[in-house]
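Visitor: Can you keep this structure in mind? I'll have questions shortly.
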């Protein structure tokens, strides 16, 4: 109870100075993570226990389900049709290379891991976090094209990472004598049923919402609640049929806007409030988890964290953006600002739900904690400075006659 009181008090105090905090290097995720660390170190709070772990997992799943649905619902499908667009490059070539390099780096840093366990770690840490990069995508000093590319990438790569994570987990479990046919069950249940549930809920819900809006059957507030209910229905249906709620929510977010064009605007209004509150609570609880794990984190997890945030991210981005005409400072800027946050926390918790199934579980857990913790503070502290430095460098290049990039 005391932990909840500390969190709520922190939310209230932060709300009073949130505009001023936006001008500092201390972002909201960094502040709430730090508060979780301090809370653990200065009190007897602990998240041990099966019931607490399940509660945290459900809360995190709730946050990611809403996030996936919202990001997908406000995605411009016409923009993604262009193969020459920056987001599609980052989400195709960039993401696949990130997974591959992340897997190879894990095999080097953790030689005891199987190749499938290395793939699990790579998939957990592949998605970037739009929340941690909010300062970047909201800054007028960053060219609009770059802001939109990073925002769309962060909005969609968490949903695209889920199939890879579940795939690697299925193969690793099957190779670890957990039972034959697990891979096929995974394909049919997790991917197939998840997609089917998402299409059904998204298309059906979008058609009904559009019908109610056109015939003026629903008020604005209740119509918004109806939209928010769709990803939660996806989660419940997926849990019943043993499908992936993340895939279902992501597909539903894409499908709902086929008939209900206002889906993106309506969902954003909700997630800016309650969704943000859930996300901040996840970061606060992550701080407590990280504080407990810190004594166990040695050289290898820290080494992997550094590689994950630099070479594993920046090399794929540079290769994906080859031929776009972007200059080196901009490519470097986009490569660095690929923070790991909420999606990696939730995917890590999903992995830990299968505790005892994988020999490399401890190494994966510590590497994820180290990477997300480093990213929260490194990207948060460097955001304002990076924006200003990039603006100055690009401005000098424009003055030198290279043209805007």
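Visitor: Scanning the stretch 34-60 for residues that are within 24 Å of the chain's Cα centre (by Cα) and at pLDDT 90 or above, which turns out surrounded by the most Cβ atoms within 10 Å (Cβ to Cβ)?
Guide: Only one residue fits best here, namely 36.
Visitor: If only one of 31, 13 is farther than 21 Å from residue 290 by Cβ and modelled with pLDDT of 85 or more, which one is it?
Guide: 13
Visitor: Here are some conditions: (1) under 23 Å from residue 149 (Cα atoms); (2) assigned to a helix (DSSP H, G or I); (3) out of contact with any helix residue (DSSP H, G or I) (no Cβ under 9 Å at 6 or more places or on another chain). Residue 332 meets all but one. Which one does it not meet?
Guide: Looking at each condition in turn, residue 332 falls short on (3).
Visitor: Take the residues in the stretch 123-178 that are modelled with pLDDT under 80 and not in a helix (DSSP H, G or I), then tell me which one is surrounded by the fewest Cβ atoms within 10 Å (Cβ to Cβ).
Guide: 177
Visitor: Assuming residue 347 fulfils every condition listed in (1) more than 20 Å from residue 285 (Cα to Cα); (2) buried (at least 22 other Cβ atoms within 10 Å of the Cβ) apart from one, which condition is it?
Guide: Looking at each condition in turn, residue 347 falls short on (1).
Visitor: Let me ask something additional. Quick one: would you say residue 230 is within 24 Å of the chain's Cα centre (by Cα), touching a residue at least 60 places away in the same chain (Cβ under 8 Å) and not in a loop (DSSP other than H, G, I, E, B)?
Guide: yes
The values are calculated or read from the model by the stated rules, or taken from the named source; none is laboratory data. Every value quoted in this text rests on a predicted model; they were computed, and no experiment measured them. Ideal geometry is used to build each Cβ from the backbone, glycine not excepted, and the neighbour counts take in all protein chains shown.
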